[in-house]
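Taking it in order: structure first as structure tokens, then the write-up.
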Ligand code: GAR
């Protein structure tokens with residue numbers, strides 16, 4: 001699931017392609033038609049479906065369509081790789097322990113929108129990112145992997161976000177692997 005640029009989505013696809021993650025990305029859902037993630041999926045040959053939130057009457061009905069889509073695609077795990085909509089219990093309950101999110105802060109600090117801006121405004125000297133399971137409380141589910149990055153003097157929103165994203169691309173595949181392992185989805189060699 002992605003809403004914007006899609007760099008985390010592409011990092012996951014690459015991790016699968018180079019066998020760092022023994023998995024396959026079978027489907028991308030975007031909510032913004034023509035977004036960067038959607039263009040990346042077309043270039044990478046991954047099926048992309050647009051569920052534009054503006055065409056749904058409620059968060060619940062959008063999440064109902066997501067659940068239907070992922071059930072039809074028979075996926076084991078769902079990853080929110082830059083999904084900028086709040087999800088409801090309808091999606092969370094449909095994929096218990098199987099819904100992974102990436103968030104650009106060291107949770108539990110700076111939950112919610114614009115975590116990078118929140119970190120800059122707070123003046124912290126350490127920022128980072130967290131990959132976690134999704135629970136009903138926003139940005140509060142079980143933490144799978146975190147990475148810390150320094151906040152440097154003179155950092156802009158962009159420069160800090162870029163440094164954090166480089167780490168997101170590294171930890172998201174690790175977190176998806178851990179989530180799969182917890183569920184016994186990885187087949188090991190005897
Ligand atoms: C990522 O930095 C991700 O942590 C953030 O959106 C960005 C998406 O980048 N997600 C959130 O803030 C969710 N609360 P991308 O589209 O290049 O992967």
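Multiplying the residue separation of residue 174 and residue 20 by 0.36 nm and removing their Cα-Cα distance gives an extension gain of 54.6 nm. Rounded if a/c is under 1.5, else prolate if a/b beats b/c, else oblate: with a ≥ b ≥ c from the C-alpha gyration tensor eigenvalues square-rooted, which is region 33-114? Rounded shape, in that the Cα axes give a/c under 1.5. Counting neighbouring Cβ atoms within 10 Å and putting the fewest first, the residues 97, 137, 42 line up as 137, 42, 97. If you run the Gaussian network model on the chain, springs between alpha carbon atoms under 10 Å, then out of 107, 62, 142 the most flexible one is 142.
Put in order of Cβ neighbour count within 10 Å, fewest first, the listed residues 135, 159 become 159, 135.
Sorted ascending by nearby beta carbons within 10 Å, beginning with the fewest, 114, 52 become 52, 114. Among beta bridges identified by DSSP and lying wholly in the chain, the antiparallel ones come to about 60 percent. Note on the chain: GNM, Cα springs under 10 Å; of 57, 30, 13, the largest mean-square fluctuation is that of 57.
At a Förster radius of 30 Å, what calculated FRET efficiency corresponds to the Cβ-Cβ distance of residue 74 and residue 148, to the nearest 0.05? For residue 74 and residue 148, the calculated efficiency is 0.25. Between 31, 101, 18, the residue with the greatest mean-square fluctuation in the GNM of the chain (Cα pairs under 10 Å linked by springs) is 18.
Report summary: the helix-based calculation at 222 nm, which adds -39500 (n - 2.57) for every DSSP H run with n ≥ 4 and divides by the residues of the chain, gives -12000 deg cm²/dmol.
Every number in this text was worked out from the coordinates using simple rules, so none of it is lab data. Computed from a predicted structure; not experimentally measured. Using ideal geometry, Cβ is built from the backbone for each residue, glycine included, and neighbour counts are taken over all protein chains shown.
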